[in-house]
Structures are given as C-alpha cells and as structure tokens.
Amino acid sequence: MSVDEAVPAQSDNQPVKQKITLEDCKLHNKEEDCWLVISGKVYDVTEFLDEHPGGFDIVLAATGKDATEDFEEIGHSNAAREMLDKYYVGEFQGGEQAAKQANSSAHASAKQVQAKQSGSNLQGILPFLPVLFILVAVLVGYQFLGKQ
C-alpha cells in the first residue's frame, strides 16, 4: 500500500491517511525503505536513518513491530517527537492498542522459540551426563587411591 493511495477527506481538502497493517510495515524494513510504528502511527523514517544519533541499525532493529516501547525507553526529546510529524505515513490499523498486541504476540513467539532452542540444548547433553558422572567418580577414586 502506498501513501499515494490516501483517500481525500470530506473536509479541509487534506488527505485522510491510510490504515496500515503490520504486514505492510514488515515490508519496509530496509535501509532504503524503513517504516516505524510508534504510538499507533506509522512513520517512514528512511530519510532520517543517516541522521539518527544512535545509528541507523538501532532504528532498523525496531521495524516490523510496535516500536513505541523502544522509542519511549530512550527518552526522546520533545524535538524528536515533533520531528516525527514530517515522516508520518498513516494510522496503524487498529490504532495504538493493535500495535501493542502485535508487539506482545511477536515477543511471546520469540520467547517460545528461545525456550525451544534452550530446551533442545539440554536434551543433547542429557545422554552424556551418566557417562560424565562415572568418569568423574573414576578420576576421584583414582586420585584418592593413589595417595594411599
């Protein structure tokens, strides 16, 4: 969905900004095309990436999800908040609440993957634990008997 598809407003002759889905936002996750969801609004910050004081990679890491928490944790100034206005693309579909839900479900999925990965590491070690225990017992016994 492009910004050019905005529908004219019924008053004020200003276009009504489009409703943008998370799937739309996930398509704009590159240095050449970067959108952020902050407080239920979508911003095309591509032009700003090179100017961002923390580096462009921090901004890119916040794409494809609700970046509100990331934005707020840093403690951005009022000037930074006002700067967002010039990058405004449209409203996040479902507003601020939908953005938070999308972010929490993505966070839960990441935790599930991490739990599966750490669980699979333990499963790989478990068969070797008895052998390791026996080896340690033999070494301790050998040391103990060798001293007598």
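Where a number appears in this text, it was derived from the coordinates with a stated rule and is not lab data. Since the model is a prediction, treat every value here as computed from it, not as a measurement. Using ideal geometry, Cβ is built from the backbone for each residue, glycine included, and neighbour counts are taken over all protein chains shown.
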Item checked: Cβ-derived FRET efficiency at R0 25 Å, A79 paired with K26, nearest 0.05 -> 0.30
Next item on the list: Note the full-extension length gain between F56 and E72 as 0.36 nm times their separation in residues minus their Cα-Cα distance, in nm to one decimal.
Entry: 4.0 nm
